[in-house]
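One structure below.
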Amino acid sequence: MKTILTLFTLVASTMFLTAAPEYDFYICAKVNRDYVIGSKVETVNGVFKRTDDGSWEHQGYNDTTLTAVAFDPRDHNVVYTSANNGLWRSLDGGQHWRICNDWDMTEARHVAVDPNAPDHVYLSLPDGIAVSTDRAQTLVRRENGLPERGKYTQLVAIDRTQAGRAFAGCEVGIFFTENGAESWRRVLETADITNDIKQSPHDPDHWLAVTQSAGAWSSHDRGLTWSQIDGVPSAHSLHNVTFDMTNPQRLAVGSWGLGVLTSEDGGKTWQDRNAGLPEPHRVWRVGVDPSGRLYASVHKQTLFYSDDFGRTWQPDTLVGSLVNYFVILPKADR
Amino acid sequence: MKLTQIFAVVVILAATGTAIAQPSAEAAPPDQTVVRDAAIRQAAYLARVDEVLNWRASGATVQTDDPGNLGLAAIASKLALGEDLENCSLSVIEVMKDPGTGPFWMFPNVGVAFLGRDLLSAAAQAAIRETWRTTRQLRGDTENHWVMYYASLYLMSELYPNEPGESWYNGLSSEENLAEARAFLIDWIDLTTTVGQGEFNATHYIGEYAIPMLYLKAWAEDPEMQQRGEMMLDWLFAELANNTLNGVLRGPNSRTDEGSVIERWNALSSYFSWLLFGNTPPTRGYGGWGIYFATVAQHYQLPEVIYRLATDRGDDFVQHDRARVRRRWRYSEELSPPVYKTQYLRDDYAVGSTTGGQLDPIQAHVWDVTWDEPDPRGKHNTMFSLHPLSSGRVMQMYFTAYPEPWIKGVTNEGKPSYDSPDKVVGSSPYEQVFQSLDTVIALYDIPAGTRFPHINGFFSKDLVNLTEDDSGWIFAQGGRTYLAYRPLAGYHWIPYLHYNGGWAKEKLPLGGQLLTSPHLKNGTIVQAASVDEFASFADFKQAMRALPLEFSLEPTPTVTMTTLRGKHLLITYGEAPVVDDEPLDYSQWKLFEGPHLNAEIGGRKMTITHGQLQRVLDFNTLTISDSVTAGK
């Protein structure tokens, strides 16, 4: 445990001091457009890692349905993906995979590993939350405190400062646990699904959340109370939110309808950054890589990037991709 | 009579020798005489099976110059016939170089694996086995996907026992896969036999259940799983038999499509009626997936009681059933609300309905009156109305998706009409339906701002004597059925345009028209009657005009009427129906209740009855009991 905390402390401190921090950058992407059950998988899909030359290296299985990827911080060869079938785990860097859930868990929305308790894996499901305490060898539902209906869970976001402390984005709001999902309580009631929750890499007390039709929310007290962000409209679905680890003032939101919104003053004001992106402004996800490059995955188009935080855009090399998830990881020995 | 049947069998057998021909699809409709001799019935069934296999094995509609490049359906058919085995092996090796993913690839693969166990080369069998190591199989997101997926996984795990996780695409050992598949299959059967099917009375997806169940019956090593397979086939086919009108499955349907909902015969279910009951022509290509059933069909013998249910109708009858809505992930107080179905079947027509509301998000068909046609091919023998709902939020109830791309997405994924205002498939939360025998009252209360704020009534090209009467009723005749349709609000007519298939991009003018009524508070009343009941069409019209009828649309639609059958109805949107002054309590309905099918909620037991014949399917004891009651 101490090792992990030390690792994150090092990460937090080095990210501001080093010009080219040593991070890996991963995405979960679907390139096979309009895939439906029964049709042919025609392209490579799944987890891609960006290589040093800027290209994308496919890792693991070809799967059109991946929603998220997570790694054991002690050993990046231990990989978890959430997907249509549920939770997949590889112990050898993607060479071999095992499905970890039984038939009564399906269509997983997200997977997360607790950095302070790396054997603990959280699986977000359309009907709740399952947790493993043994690296996904076994999974059990941990839904005490979640409502019987309304527990559709889009993701579980884990607080990197404390083992077992996490937030679940659900249909009826944000739920909070500080005992490894033994129990949950609602800290924000929303009129619609919480699509994303992120913890600031600069200030662990600062959290952002976005919803389908209930706007964007911010917390500065470790997620215990939330206030709505005025500058982000709620008229359109907000798919995700991201911080920029190189600059504490820079935030970005990806939205179906609003496209890319950015803030460069810590969320006080927001700008439309769609000039140069194809219309209509249907942004599936935004992400920021370790160098501060902003990405926008545009539905039915491809992945775009911007080196000036959204003022200008260029298409990325992963042609035709739709990104479901961006991950930045401190490089590991393995 | 017996000679006629024997002759028919001989003709069919002779015809199967002709390559590419689909004799039964091209011939006149089959003789609907009831075949009482079990041996003749079985011979005719097997002759139909041979017709299918020979057609597919001979190349179907597409000839290939490369005998080593057959598709899985042709391979399965040839293996079932025991012919062209060398090319089958070569083709398997080729096909397995580019394996598919998901249940629609798994179950054909399993079929070839088992049919070829003793026939394919070792290299071909190894090629099949290798795909189950290398290719991640998606489980899907729908009940039929899961049944296909787990039946396939179950059988392959039995075929290749004692193999480690490294030898399977999902990292589980043979025993782990077998245990999980078994657990799911038993749970699905338990659910179906206690609270009903989620995909009930599906016009096409019946195949996606029947084929896996037949595979289990034919190939499972565990005798109990074999038994479950056979009993579920009986369960599915008993319901098919009971709900068909001379082989044609009508509404309601949990899932169907544009083709089947207007041309009621045009569905995979008709292939099964033809194959099992012999009472309607098969669809062209034998329903596509139906080929795989034929490859193993000799393992199933239809019980006489089910056959008679389909073919030997006596009195008119009412059947009340329950089913369930497919699971709702969100935006709903219930995971899988109950569905209440009413069926009324007569010689000349049938009326069927659910109580409306939100059913399957895309492909449900809530109610209709369907009349019999001597040759149903190409006939649009049905009448109904619906609210053409199109809603991303409703999609989200059932799918783990974002709302925005879904509406456009499903139109590109096999459901082209989903976002069309003139569509004729779909359920709506703003529709409530009540049926009393052959009277249907559908009421609509559509919130302002709803996409497509109108209702559509389907008026077939095959209706005759269509008359817009001064009384407000619209009268027509379909086959030997008189129909009266009462719109409760103003309307206009538009041509019916048809998407011809799931991937169609353009609409075709097939004839017929839609009654479109652009009013949020709305309703439809339909009354059917047989031509035999009236001296003339004029008499029917006069009888309808004379029925006591009052209705209002504000503040909520409400109808008070006395039906042609003398039932006094008070039907108000949002309230329990009142029949002869008694409010109706659907919660008391059984899983099946009628003269032919009976089952209790939670019972795991169905009793199938026809005349003196009775079969009891008891999943509690995994037993089938047949009896013949004297004197009935």
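Every number in this text was worked out from the coordinates using simple rules, so none of it is lab data. Bear in mind that the values here come from a model prediction, so they are computed numbers and not experimental data. All Cβ positions, glycine included, derive from the backbone under ideal geometry; neighbour counts span all protein chains shown.
Taking each residue of A:95-103 in turn, how many C-beta atoms of other protein chains fall within 10 Å of its C-beta, and what is the average?
5
May I ask for the angle, rounded to the nearest 10°, between helix B:103-115 and the longest principal axis of chain B, with both axes built from Cα atoms and the value confined to 0 to 90°?
For helix B:103-115, the angle is close to 50 degrees.
First check a/c for chain B, with a ≥ b ≥ c the square roots of the eigenvalues of its C-alpha gyration tensor; if it is under 1.5, answer rounded, and if not, answer prolate when a/b is larger than b/c or oblate otherwise.
prolate
Just to check, using Stokes-Einstein with a Kirkwood Rh over alpha carbon pairs, what's the diffusion coefficient of chain A at 20 °C and 1.002 mPa s in µm²/s?
Translational D for this selection: 109 µm²/s.
List the GluC sites (Glu not before Pro) within the stretch B:571-628 that fall in a DSSP loop (any state other than H, G, I, E or B) and whose Cβ has at most 13 other Cβ atoms within 10 Å.
B:Glu575
Between helix B:72-81 and chain B, what is the angle of the helix's C-alpha long axis to the longest principal axis, kept within 0 to 90° and rounded to the nearest 10?
The angle comes out near 70 degrees.
Counting other beta carbons within 10 Å of each residue's own, what order do A:Thr138, B:Thr342 fall into, fewest first?
Values: A:Thr138 13, B:Thr342 24.
Arranged by neighbour count, lowest to highest, A:Thr138, B:Thr342 become A:Thr138, B:Thr342.
Quickly estimate the mean residue ellipticity at 222 nm for chain A, helices only: each DSSP H run with n ≥ 4 gives -39500 (n - 2.57), and the total goes over all residues, rounded to 500.
-1500 deg cm²/dmol
As an exercise, identify the trypsin sites (Lys or Arg not before Pro) in the stretch B:334-383 lying in DSSP coil whose Cβ has no more than 15 other Cβ atoms within 10 Å.
Qualifying residues, ordered by number: B:Arg377.
Given the DSSP H assignment, sum -39500 (n - 2.57) over each helix run of at least 4 residues in chain B and divide by its residue total; what's the result at 222 nm in deg cm²/dmol, nearest 500? Before the final figure, lay out the partial values.
Working: 18 runs with 206 residues, N = 632.
Helix contribution divided over all residues of chain B: -10000 deg cm²/dmol.
For the pairs A:Lys49/B:Lys408; B:Lys78/B:Lys505; B:Lys341/B:Lys507; A:Lys151/A:Lys300; A:Lys30/B:Lys507; A:Lys49/A:Lys198, note any where the Cα-Cα span goes beyond 24 Å.
As for pairs spanning more than 24 Å Cα to Cα, those are A:Lys49/B:Lys408; B:Lys78/B:Lys505; B:Lys341/B:Lys507; A:Lys151/A:Lys300; A:Lys30/B:Lys507.
Can you give the mean number of other chain Cβ atoms that lie within 10 Å of the Cβ atoms in peptide B:129-136?
So the per-residue partner count for this stretch is 2.
Mind checking A:215-224 for the average number of partner chain beta-carbons within 10 Å of each residue's beta-carbon?
0
Please identify the GluC sites (Glu not before Pro) of the stretch A:170-267 that satisfy two criteria: DSSP loop assignment and at most 15 other Cβ atoms within 10 Å. Which are they?
Within the stretch A:170-267, the qualifying GluC sites (Glu not before Pro) (loop, at most 15 other Cβ atoms within 10 Å) are A:Glu182.
Please order B:Trp371, B:Trp55 by the number of other Cβ within 10 Å, starting at the fewest.
By the 10 Å Cβ count, ascending: B:Trp55, B:Trp371.
Where does each of B:Leu564, B:Leu115 land when they are ranked from fewest to most other beta-carbon atoms within 10 angstrom?
Values: B:Leu564 21, B:Leu115 24.
Fewest-to-most ranking of B:Leu564, B:Leu115: B:Leu564, B:Leu115.
Treating the Cα atoms of the stretch B:317-593 as identical point scatterers in vacuum, please give the log10 of the normalised Debye intensity I(q)/I(0) at q = 0.15 Å⁻¹, two decimals.
-1.20
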